[in-house]
Amino acid sequence: MDHFLYKDGVLHAEDVSIPEIAAAVGTPFYVYSTATLTRHFALFQEALDGLPHLVCFAIKSNSNLAVLKTLGDLGAGMDVVSGGEYLRAKAAGVPGERIVFSGVGKTREEIHLALTGGIRQFNVESEPEMRVISAVASELGLEAPIALRVNPDVDAKTHEKIATGKSENKFGIPIAKARAAYAEAASLPGIKVVGVDVHIGSQLTDLEPFGAAFLKVRELTQQLRADGHNIIRLDLGGGLGIPYTRSNEAPPLPLDYGAVIKRTVGDLGCEIEIEPGRLISGNAGILVTSVIYLKEGEGRDFLIVDAAMNDLVRPSMYGAHHDIVPVVEPAPGTEARPYDVVGPVCETGDTFAKGRMITPLGADDLVAFRSAGAYGAVMASEYNSRPLIPEVMVNGDQFAVIRRRPSFEEMLARDTIPEWL
Ligand code: LLP
């Protein structure tokens with residue numbers, strides 16, 4: 001469920017009309033709904049009710065400070081994967097004890113930053129990384145709380161580019177080697193073992209792989225405890241999928257996901273951490289764009305819009321589907337027709353949809369790409385020297401620009417021409 005609905009024939013974000021925002025900021029832009037973000041976070045809180053837990057929002061899905069502050073103020077923790085994300089969490093007012101640090105390639109500088117600024121735990125992905133954390137913590141005279149991310153060799157049954165839990169993927173320590181790695185961790189100075197971490201992939205629409213992975217974590221936890229480790233937390237990662245089409249998709253609900261957690265690891269007496277990104281932010285955002293031209297090709301019509309693959313890369317990168325809807329609701333009975341919806345970037349890959357059935361549209365009409373709140377703005381680039389597009393947040397009948405559109409001058413000012421030129 002989200003809060004982007006037609007009211008009096010015009011698409012709204014909560015109580016604000018999309019054309020009103022478009023008139024104020026120009027197109028293209030992202031717009032996020034506070035009510036949807038809040039609702040989705042609450043669903044996870046409910047799903048884990050009864051277990052000690054912390055819902056850590058995966059910042060990589062949407063890192064705007066206003067989004068982070070909205071969630072942080074509700075009590076969310078944050079899952080960060082870089083020094084930049086760590087600083088964003090802190091800037092949004094989230095205390096270090098609610099921040100977990102994941103990622104396969106944490107540098108010494110990033111480890112130093114998190115240790116000195118405060119961190120709940122590092123999710124450690126390799127033995128060499130564990131040794132560096134030990135060295136940096138020892139130099140600082142601090143103790144680094146760690147969980148080892150284990151790779152359970154479970155097929156997440158999702159797109160190959162976002163599956164992470166198979167042994168051929170670069171993530172985590174093979175579960176068969178985990179006990180030896182924990183033994184080494186316990187012997188290292190500056191390291192305090194607190195938990196086990198797992199994350200098997202993103203956009204999972206089946207609960208079975210979660211159950212399989214969590215059972216492996218359960219078994220490992222029991223072995224580790226028998227080996228003398230004090231395992232007090234389980235970080236079960238993120239990955240619960242969302243519906244990208246309104247019609248035929250019904251992925252499992254957070255409540256069902258919570259039930260799997262309770263059934264598999266609920267009795268271990270551990271504090272549970274989860275790292276959802278997409279389910280919280282995905283359907284809390286849309287991308288609004290204008291039609292520049294309608295070009296009638298041979299046997300197909302191209303709708304050329306002012307957003308492009310640099311603004312929303314998911315269709316060209318993963319072949320992802322985003323529903324595309326007109327901002328002004330078509331009159332009942334208007335027949336849809338097929339369009340290839342494309343951006344202005346000079347690549348054939350800059351195609352959002354092929355043969356998509358949409359009611360007739362023409363130049364200057366506004367259209368919205370739904371489900372664009374996760375992995376949208378964060379993956380944008382300035383390819384073709386197109387400045388990053390603005391982000392707007394709506395809360396009831398108010399809206400605010402939460403990242404403004406940079407000017408062309410600002411974009412050019414970042415380059416330097418060497419003195420010999
Ligand atoms: N935790 C870890 C360690 C992760 O690597 C990820 C996502 C998450 C949590 C959050 O997963 P979520 O709940 O959002 O599924 N750019 C891709 C998705 C990449 C996901 C990477 N890791 C896309 O646009 O589909």
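The values are calculated or read from the model by the stated rules, or taken from the named source; none is laboratory data. Remember, predicted model here, so these are calculated numbers, not experimental data. Quick reminder, even Gly has a Cβ in these numbers, built from the backbone with ideal geometry, and neighbours come from all protein chains shown.
Can you tell which of 156, 163 is within 14 Å of the ligand (Cβ to nearest atom), crowded, with 23+ Cβ neighbours inside 10 Å and at pLDDT below 95?
156
Suppose we keep only residues that are buried (at least 16 other Cβ atoms within 10 Å of the Cβ), touching a residue at least 60 places away in the same chain (Cβ under 8 Å) and not in a loop (DSSP other than H, G, I, E, B) within the stretch 304-317. Which one would you say is nearest to the ligand (Cβ to nearest atom)? First the steps, then the outcome.
As a first pass, look at the stretch 304-317 and keep what is buried (at least 16 other Cβ atoms within 10 Å of the Cβ): 304-316.
Right, trim to touching a residue at least 60 places away in the same chain (Cβ under 8 Å) and you get 305-314.
Applying the additional criterion that residues be not in a loop (DSSP other than H, G, I, E, B) yields 305, 314.
Numbers: 305: 20, 314: 5 Å.
Filtering first and then ranking leaves 314.
Any residue in the stretch 349-359 that is free of Cβ contacts under 8 Å to residues at least 40 places away in the same chain, surrounded by fewer than 14 Cβ atoms within 10 Å (Cβ to Cβ) and in a loop (DSSP other than H, G, I, E, B)?
no
Of everything in the stretch 74-100 that's charged (D, E, K, R) and within 15 Å of the chain's Cα centre (by Cα), which residue is surrounded by the fewest Cβ atoms within 10 Å (Cβ to Cβ)?
88
Looking at (1) within 26 Å of residue 125 (Cβ to Cβ); (2) part of a loop (DSSP other than H, G, I, E, B), which is the only condition residue 86 fails?
(2)
Looking for whichever is under 28 Å from the mean Cα position of the chain (by Cα), at positive phi, of a type in the set (S, T, N, Q) and in the same structural domain as residue 288 (by TED's automatic domain parsing) here; the options are 385, 316, 407, 381. Which one fits?
That would be 385, the only listed residue that is under 28 Å from the mean Cα position of the chain (by Cα), at positive phi, of a type in the set (S, T, N, Q) and in the same structural domain as residue 288 (by TED's automatic domain parsing).
So, in the stretch 166-182, how many residues would count as being surrounded by 14 or more Cβ atoms within 10 Å (Cβ to Cβ), away from the ligand (no atom under 16 Å from the Cβ) and more than 17 Å from residue 123 (Cβ to Cβ)?
1
Could you grab me the full set of residues in the stretch 146-169 that are part of a loop (DSSP other than H, G, I, E, B), within 21 Å of the chain's Cα centre (by Cα) and over 18 Å from residue 205 (Cα atoms)?
169
Residues are listed down the side, and each one gets a yes or a no for (1) assigned to a loop (DSSP other than H, G, I, E, B); (2) surrounded by fewer than 19 Cβ atoms within 10 Å (Cβ to Cβ):
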position	(1), (2)
341	no, no
371	yes, no
384	no, yes
393	no, no
400	no, yes
412	no, yes
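Taking residue 55 and the conditions (1) more than 13 Å from the ligand (Cβ to nearest atom); (2) part of a strand (DSSP E or B), which numbered condition does it fall short on, given that it satisfies the others?
(1)
Whether any residue in the stretch 63-73 is more than 18 Å from the chain's Cα centre (by Cα) and either outside the structural domain of residue 239 (by TED's automatic domain parsing) or within 23 Å of residue 241 (Cα to Cα) (or both) is what I want to check. Spell out how you get there, then give the answer.
The initial filter retains those residues of the stretch 63-73 that are more than 18 Å from the chain's Cα centre (by Cα), namely 73.
Next cut, either outside the structural domain of residue 239 (by TED's automatic domain parsing) or within 23 Å of residue 241 (Cα to Cα) (or both) only: 73.
Looking for residues that are more than 18 Å from the chain's Cα centre (by Cα) and either outside the structural domain of residue 239 (by TED's automatic domain parsing) or within 23 Å of residue 241 (Cα to Cα) (or both), one finds at least one in the stretch 63-73, hence yes.
I'm trying to understand the selection: among the residues of the stretch 121-156, which are of a type outside the set (Gly, Ala, Ser), over 13 Å from residue 185 (Cα atoms) and touching a strand residue (DSSP E or B) at 6+ places or on another chain (Cβ under 8 Å)?
121, 136, 150, 151, 153, 155
In the stretch 289-311, which residues are aliphatic (A, V, I, L, M) and in contact with a helix residue (DSSP H, G or I) (Cβ under 8 Å, 6 or more places away or on another chain)? If you could, list the steps in order and put the result at the bottom.
Within the stretch 289-311, the first condition is being aliphatic (A, V, I, L, M), and the residues that meet it are 291-292, 294, 303-305, 307-309.
Matches in the stretch 289-311: 308, 309.
Which one of these is within 15 Å of the ligand (Cβ to nearest atom) and within 26 Å of residue 179 (Cβ to Cβ): 132, 124, 67?
Just one listed residue meets the conditions, 124.
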